[in-house]
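This report concerns only the one structure given below.
The values are calculated or read from the model by the stated rules, or taken from the named source; none is laboratory data. A quick note: this is a predicted structure, and the numbers were derived from the prediction, not measured. Glycine gets a Cβ as well: all are built from the backbone with ideal geometry, and neighbour counts include every protein chain shown. Accessible surface areas use protein heavy atoms only, side chains included; no ligands, DNA or RNA. Shrake-Rupley method; radii C 1.70, N 1.55, O 1.52, S 1.80 Å.
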Amino acid sequence: MEAFEDIRKPSKEEQEAAMKSYNALAATLSELSTLNPEIEIEETNNRIKIPLNALKLLAQILKVTSQGKPISIVPIATEMTTQAAAELIGCSRPHLVKLLESGEINFTKVGKHRRVMYEDVIEYKKKMKANQEQLIEEIMRSDEELGLYDS
């Protein structure tokens, strides 16, 4: 698996190929009826059974790649360093450590090092996003009541 620093933006050629592949795969996915469809690699004539969920994930990867966005795949049960978790959340490592020590995010200690589960970081990030959206709505309502904002 690539490390965070190895992720790069797709080239224009990769974006175009991803868009064509996404369009073809998305159309094909709607026609599939088995849980493990078989695909064929034309170049080698190899036939491979792939779980339907993996093909759906591939379609999402192709869509994001076609938009020129870099992508990273992390298994849900992955343990992360505090630095990697901080980068994922978009904060400093010392701030993340404060979140860990205050109990906002679960963690384990391996020796003197803290480890955080990827899913716990994502859960915290979702919670913070929902909290931000709620605060924005409250500010907008307050502004409307004061006549500062027209809806």
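Quickly run through the stretch 109-122 and pick out the residues that are touching a residue at least 12 places away in the same chain (Cβ under 8 Å) and of a type outside the set (A, V, I, L, M). Listed by number, the residues that qualify are HIS113, ARG114, ARG115, TYR118, GLU119, ASP120. For the stretch 8-19, the set of residues classified as surrounded by fewer than 12 Cβ atoms within 10 Å (Cβ to Cβ) and without any contact (Cβ under 8 Å) to a residue 60 or more places away in the chain consists of SER11, LYS12, GLU13, listed by residue number. Look at the stretch 88-101: where a residue is free of Cβ contacts under 8 Å to residues at least 40 places away in the same chain and closer than 11 Å to VAL121 by Cα and a partner is polar (S, T, N, Q) and part of a helix (DSSP H, G or I), sitting 6+ places away or on another chain with Cβ atoms under 7 Å, you get LEU96/THR82.
Selection of the stretch 50-70 for residues being touching a residue at least 24 places away in the same chain (Cβ under 8 Å) and open to solvent by 60 Å² or more (accessible area, probe 1.4 Å) yields LYS56, LEU58, LYS63, GLN67, LYS69, PRO70.
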